[in-house]
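Participant: What follows is a structure written as structure tokens; I'll ask about it next.
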Amino acid sequence: MENQIVDAVVRGIQEKKGFDIVTADLRQIETAPAQWFVICSGNSPLQVDAVCDSVEETVRKEAGEKPAAVAGRENAQWVAMDYGTVMVHIMLPDAREFYELEELWAEAPQTQIENIN
């Protein structure tokens with residue numbers, strides 16, 4: 001199930017040209033808040049919001065899931081979507097660079113998804 005959600009999340013991100021997508025498999029980390037993280041960037045708050053909408057719609061259609069919570073839409077600098085076992089982080093490049101989520105979970109296997117132009 002998690003991989004179905006992760007795959008749908010990635011497709012939703014790509015639909016709105018989100019970029020620098022990274023998936024982190026946190027299943028072997030006992031203290032992790034989820035089994036998977038999907039992290040990506042958007043160029044503007046408007047794009048971050050559009051990516052969030054696209055992820056929500058794609059995951060609902062393809063995996064039949066809705067997020068338990070969505071935080072950060074007010075300013076759309078960093079939107080976090082909680083699908084229980086999958087956490088999605090859609091960030092402006094400055095916020096992503098500042099919070100360094102990939103480094104925080106560096107011990108987790110990570111996959112870079114190629115950008116779609």
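Read-outs throughout are calculated quantities, based only on the coordinates presented, and are distinct from any laboratory measurement. Because the structure is a prediction, the values reported are computed rather than measured. With ideal geometry, Cβ positions are generated from the backbone for all residues, glycine too; neighbour counts draw on all protein chains shown.
Participant: At a Förster radius of 25 Å, what calculated FRET efficiency corresponds to the Cβ-Cβ distance of Thr85 and Lys17, to the nearest 0.05?
Facilitator: According to the calculation, E is roughly 0.45.
Participant: Taking the Cβ of each residue in Glu103, Glu57, Glu65 as the centre, tally the other Cβ atoms inside 10 Å and list the residues starting with the fewest.
Facilitator: Glu103, Glu57, Glu65
Participant: Which of Ile113, Ile90 comes first, and how do the rest follow, when ranked by fewest Cβ neighbours within 10 Å? Walk me through the numbers on the way to the answer.
Facilitator: Numbers: Ile113 16, Ile90 34.
Result, fewest neighbours first: Ile113, Ile90.
Participant: Right, here's the next one. Pick from Gln47, Gln28, Gln14: which residue has the top mean-square fluctuation in a GNM of the chain where Cα pairs under 10 Å get a spring?
Facilitator: Gln28
Participant: Which aspartates and glutamates have a Cα lying under 17 Å from the Cα of Lys16, excluding residues fewer than 8 positions away in the same chain?
Facilitator: Counting by Cα, and skipping residues close in sequence, Lys16 has these aspartates and glutamates nearby: Asp7, Asp49, Asp53, Glu56, Glu57, Glu62, Glu114.
Participant: How long are the semi-axes of the equivalent ellipsoid of region 2-112, defined as square roots of 5 times the Cα gyration tensor eigenvalues? Whole Å, largest first.
Facilitator: 19, 17, 12
Participant: Under 20 Å from the 7 Å Cα→Cβ point of Arg73, by amide nitrogen: which residues of region 79-101?
Facilitator: Flagged as within label range: 79-92.
Participant: Which of Leu92, Leu104, Leu26 ends up with the largest GNM mean-square fluctuation for the chain, with Cα atoms connected below 10 Å?
Facilitator: Highest fluctuation among the options: Leu104.
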